[in-house]
């Protein structure tokens, strides 16, 4: 049996992507508008992790939304391309923050999902 998981119709091997947090559906994703949600990562504290996001929303409109992360040193950064891997410095509890900023007209589909995973880390 292969270790991994399905994301939509794509099978992701566990060695390629270790899931840290899953936001299933509109309600869970919209909670990211309230402020930074702290996400625990399976990596040593104060390390740098390669974090990957997989965002699925049928109503995606470029320029209408942006994700931001809060690293271990308290610095906020905009995620320019949600589909690329990002090197994020983790805090003393092996976490980083994630939030969503969008205008009121941006719609999140009921079946939307956001996966946050770690590909690798370095101390």
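So the values come out like this:
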{"item": "Computed FRET value (nearest 0.05) for residue 30 with residue 78, which takes r as the C-beta separation and R₀ as 25 Å", "result": "0.85"}
{"item": "Distance between modelled label sites at residue 111 and residue 66, nm, 7 Å Cα→Cβ extension", "result": "3.1"}
{"item": "Computed label-point distance, nm, for sites residue 101 and residue 120 using a 7 Å Cα→Cβ extension", "result": "3.1"}
{"item": "Cα centroid separation - the stretch 67-123 against the stretch 18-36, whole Å", "result": "10"}
{"item": "Near-label residues of the stretch 87-106 by backbone N, under 15 Å of a point 7 Å along Cα→Cβ of residue 40", "result": "91-97"}
{"item": "Three-way shape label, the stretch 17-118, alpha-carbon gyration tensor, a/c 1.5", "result": "prolate"}
{"item": "FRET efficiency estimate (nearest 0.05) - Cβ-Cβ, residue 56 to residue 93, R0 22 angstrom", "result": "0.20"}
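Coordinate-derived values only; no laboratory data. On a predicted model such as this, the values are computed, not experimentally measured, just so you know. Neighbour counts run over all protein chains shown; Cβ positions are idealised from the backbone, glycine included.
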